[in-house]
Amino acid sequence: MVNMVRFLTERVEVWETETGQRTRRRKKADQENFELAIETILTNLALSVLMFPSPGYLAVLTGNNRLGMTRYDNPALGRKPFRKLLFALWEMGILVLQSSSQRGEASAIAPSDTFRQLVSDRELSVNDIAYQDQKEILILTKNLYRLQLSGGRKLERTLINYQETEETTRLRLQVQALNTFLKEADISFVKNRSGNVNVNDRQMQRRFILFEEGQAPVFQYGGRLFGGFWQNLAKERRGKIRIDGEPVAVLDYSSMAPRLAYAHVGEQPPDGDFYTVPGLEQRRKAVKRAFSCLLSDNWKRQTWPDELINSDKEKDTDARMPASWPPKRLRKNLSTLHPALKDVFGQGLMFTLMFMESNILLRSLEELKARGIVGLGLHDGIMVARSRADEARKVMEQAALDIASIHIPVKVDDGETQSINPHEE
């Protein structure tokens, strides 16, 4: 990939000279940004070719509606030189460009047939593509709900360009240490008919959330780890991941949200299934989703969101709340079953619980790293090599005890009971 980027960079520079687009050499900083921009564009186009049989368009922001660069922006992208570079690559036949004429609307690029052939001729693979370490890995967003004239509420999400502090530096170094460890780890994927997987995509980010207009940046809500190719894989495909050459085991905390709600109010959670409600025994999945909904709300909801009652994404009826069980009825039943939690529903507690959850996951991953165990973080679980599953389970349960002062059992799914299609191996 490096050789192809160098080859095309030189071609662009020659084209600029021959067409009169540039008559003198760039300054050092401008040249560095130019090379970074073209490398970013070409790498993303190549990845599109390698990952998808019929690559679609990639959205690009050319900076038409920007007030200035933020910590989330690549300094080589989104400015006038970047737009000129896109047009140059388009005129040279390297990419296809759909330029937006409206401010604030993304343009789009796609690999040309010439570029696809170049990738094929050079026999590139996803293993030839690396990820930049400069990307911001500590994300802070403002999540606000706006009332709609038609009724209901709409979520608006905005990136916050926060100032660096000792706290943000500490939080960032935690994630960077994990990313450095994962970068060198022996992680592979058994190819099958479901498409390619880019195992080099291992960079994790930690995402925090603000809720109030004008609220000062704080890093106490959310905090979950996102990123890594394994998080976007369908659950049935995760069994194809190999760590140190071994199949993986998936370790999940059991009923983490309600247990952390107990920890939040200073009570020990009871034994038993938190999502079994008399009258809804056949709707456990729906109760689980509704429980999370009630913990997330910062108001006393009267109706369930559409996806909880008639979403086409959930074909099985046990994922839907029946019409005879509106939020008020379920709140009343849950308050009877869990009197310690009767005052937490409708208080917007979920993102506080997520912060505690994310700290537990980070503590677990750091301890696993200290033991030389590769852990792939999920939102409320971790994947490890199958032979290290029991040790990882003990680490995770201890981390929950240390941070939340309660025992949260960890379930281990080693995949051994799942049937294997020999044609997919």
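Annotations
- Subset of the stretch 195-214 (residues that are over 16 Å from the mean Cα position of the chain (by Cα) and surrounded by 12 or more Cβ atoms within 10 Å (Cβ to Cβ)): ASN196, LEU210, PHE211
- Across the stretch 357-380, the number of residues qualifying as surrounded by fewer than 20 Cβ atoms within 10 Å (Cβ to Cβ) and not in a loop (DSSP other than H, G, I, E, B) comes to 6.
- Residue in the stretch 300-319 that is closer than 21 Å to ILE403 by Cβ and out of contact with any Asp or Glu (no Cβ under 8 Å at 6 or more places or on another chain) present: no
- Any hit, the stretch 310-318, residues being crowded, with 18+ Cβ neighbours inside 10 Å and either of a type outside the set (S, T, N, Q) or closer than 30 Å to GLN174 by Cβ (or both): no
- Entry remark, the stretch 256-308: residues being surrounded by fewer than 15 Cβ atoms within 10 Å (Cβ to Cβ), within 30 Å of GLU212 (Cα to Cα) and more than 26 Å from the chain's Cα centre (by Cα) number 7 in total.
- Qualifying residue in the stretch 107-129 (condition: in a loop (DSSP other than H, G, I, E, B) and over 29 Å from ARG202 (Cα atoms)): no
- The C-beta contact set for the stretch 107-132 (first residue among the polar types (S, T, N, Q), second residue part of a loop (DSSP other than H, G, I, E, B) and exposed (fewer than 13 other Cβ atoms within 10 Å of the Cβ), distance under 8 angstrom, 6+ apart or interchain) comprises SER112/GLY93; THR114/GLY93.
- Some residue of the stretch 381-394 being assigned to a helix (DSSP H, G or I), among the hydrophobic types (A, V, I, L, M, F, W, C) and either over 16 Å from the mean Cα position of the chain (by Cα) or not assigned by TED's automatic domain parsing to the domain that holds SER188 (or both): yes
- Subset tally (residues that are modelled with pLDDT under 85 and under 30 Å from ALA185 (Cβ atoms)) for the stretch 76-124: 2
- Test: residue in the stretch 325-342 that is more than 30 Å from ARG172 (Cα to Cα), among the hydroxyl-bearing types (Ser, Thr, Tyr), outside the structural domain of VAL175 (by TED's automatic domain parsing) and not in a helix (DSSP H, G or I): no
- Qualifying residue in the stretch 221-244 (condition: in contact with a helix residue (DSSP H, G or I) (Cβ under 8 Å, 6 or more places away or on another chain), surrounded by fewer than 15 Cβ atoms within 10 Å (Cβ to Cβ) and outside any strand (DSSP E or B)): no
- Among residues of the stretch 169-192 that are farther than 16 Å from LEU225 by Cβ, those with a Cβ under 7 angstrom from a residue that is in a helix (DSSP H, G or I), sequence gap 6+ or separate chain, pair up as PHE189/LYS240; VAL190/LYS240; ASN192/LYS240.
- Any pair with Cβ under 6 angstrom, 6 or more apart, that starts in the stretch 37-57 at a residue that is within 16 Å of LYS135 (Cβ to Cβ) and ends at one that is modelled with pLDDT of 90 or more: ALA37/LEU85; GLU39/VAL5
- Restricted to the stretch 321-342, and to residues there that are farther than 20 Å from GLU281 by Cα and either touching a residue at least 24 places away in the same chain (Cβ under 8 Å) or within 31 Å of the chain's Cα centre (by Cα) (or both), the residue that is surrounded by the fewest Cβ atoms within 10 Å (Cβ to Cβ) is ALA340.
- Only one of the numbered conditions (1) hydroxyl-bearing (Ser, Thr, Tyr); (2) at pLDDT 90 or above; (3) exposed (fewer than 14 other Cβ atoms within 10 Å of the Cβ) is not met by THR43, and that is (3).
- Test result for THR141, among the polar types (S, T, N, Q), surrounded by 13 or more Cβ atoms within 10 Å (Cβ to Cβ), modelled with pLDDT of 80 or more and not assigned by TED's automatic domain parsing to the domain that holds PHE189: yes
- The listed residue being part of a loop (DSSP other than H, G, I, E, B), modelled with pLDDT of 90 or more, of a type outside the set (Gly, Ala, Ser) and within 19 Å of ASN359 (Cβ to Cβ), out of VAL175, VAL218: VAL218
The values are calculated or read from the model by the stated rules, or taken from the named source; none is laboratory data. Small disclaimer: the values here were computed from a predicted structure and weren't measured. In this analysis, Cβ positions are derived from the backbone assuming ideal geometry, glycine residues included, and neighbour counts consider all displayed protein chains.
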